[in-house]
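Values quoted throughout were computed directly from the atomic coordinates according to the rules given, and no laboratory measurement underlies them. Everything numeric here is computed off the predicted structure, so don't read it as measured data. Here the Cβ positions follow ideal geometry from the backbone for every residue, glycine too, while neighbour counts run over all protein chains shown.
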Amino acid sequence: MFEDALLIDAAGRPTMQHHQAFSRDWDRIKEWSDNIYMPYTVTPIGSRLKPASDMYSAAVGKIDVTRFCYGIPVSVGECSPEAGNILVLTTIRGNGRHALGRGAAADTAVGETFVADCSRTDYFVEFDEDHLQLNLTVPHQLVADHARQWYGAVPDDRLWRHKCTIGGRGSSWLALMDYVVRAIAESPDAMSGERLGARVQELITAQLLDEWATQAGLQLGADVASAEPAYVRSAEEYIDTFARSVPTASEIAAAVGVSVRALTAGFRRYRDTTPGQRLRARRLEGVRSELLRSDGRTVSEIANAWGYVNLGMFAAAYRKRFGELPSETRNPL
């Protein structure tokens, strides 16, 4: 069904990739996969095997869509939780054996999809020599925000830690993936943009969340409590007010009268984030707001005013959040 996915455009011409689309070099493959998915370990199953990897990618809003294989049997694991990504892997060819825990595993045949939130749970998989995948890299925060907007609350780890198979031949999920691939072939630029791309991104997220929750035995909206304790709201107000001075977790917790452990647990349960992550987001948003006002100060002066000392790390964090460098915000084309 997806044998030509991401290979050709609507006119039957080969798609243009901004990177090497085939490689036998482990370092090149790792550089691409670390960037598209997240850092992880990969081990050949067998001796003296050299990869023959296909690496094609496209964007649907904030979701990366990839066509990928190693060309040899491999074992993959130790995915970086810090990347904050959910992997949604659909088998085009071959087989994947995904670890479920306690010795159990799920095999994905052609047309079947496996879901694992690598920001919340361990993930290990073995692919056979013939494997070929159509994968989605979905930011965890994107799905959490969608759940909050549609259902009034963010699911807890009963969903995020649940690894499962969805879709299958004839399923609505597979039909959606077929539409996504066709839409990318017809309008790749529009699919990566803020209009069409954002709408299709929302459709993918909604379908994924619904099917995932069904497999986890959850009824979204009914199984998630939405009444957060007062100290969570108070901490949010404190962070928003004092973000410029970069308060520590201990200072925030003391200001609202709870322990750091309780504060962190409350943020994770009711906001699906941490106090530190919210603080970093508010500081970056504060810098952006002041950059857009163009009051004559330099980027460095504004960043310093919000507590940033290492401007290289600041610029990288800013670009990751907003998709552009601070200088590009200040001086748009």
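Numbers below:
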| item | result |
| --- | --- |
| Computed E for Asp4/Leu196 - FRET, C-beta separation, R0 30 angstrom, nearest 0.05 | 0.90 |
| Tilt relative to the chain, helix 260-271 - C-alpha long axis, 0 to 90 degrees, to 10 | 60 degrees |
| Tilt relative to the chain, helix 140-151 - C-alpha long axis, 0 to 90 degrees, to 10 | 70 degrees |
| Asp25-Leu311 FRET efficiency (beta carbon distance; Förster radius 30 Å; 0.05 resolution) | 0.35 |
| Segment 172-273 - Rg over Rh from alpha carbon coordinates, Kirkwood radius | 1.17 |
| Simple spin-label estimate for Thr214 and Ser187 in nanometres, 7 Å along Cα-Cβ | 2.8 nm |
| Fully extended contour minus Cα-Cα distance, from Ala206 to Ala11, at 0.36 nm per residue | 67.2 nm |
| Bins of 5 Å, starting at 0 and running to the largest distance - Cα pair percent for segment 22-216 | 1, 8, 16, 21, 22, 17, 10, 4, 1, 0, 0 |
| For q = 0.10, 0.16, 0.18 Å⁻¹, Debye-computed log10 I/I(0) when each Cα of segment 230-330 counts as one equal scatterer | -0.30, -0.69, -0.82 |
| Potential lengthening between Ala254 and Asp128 on full extension [0.36 nm per residue; Cα-Cα distance subtracted] | 40.1 nm |
| Residue with peak Gaussian network fluctuation, the chain [Cα springs, cutoff 10 Å], from Pro51, Pro14, Pro73 | Pro14 |
| Isolated Cys in the chain, by beta carbon distance under 4.7 Å | Cys69, Cys164 |
| Modelled FRET efficiency - R0 41 Å, Trp150 with Leu49, Cβ distances, 0.05 increments | 0.35 |
| Distance in nm between pseudo-label sites at Glu78 and Ser171 (7 Å out along the Cβ direction from Cα) | 3.1 nm |
| Cα-based Kirkwood hydrodynamic radius, the chain, one decimal, Å | 21.7 Å |
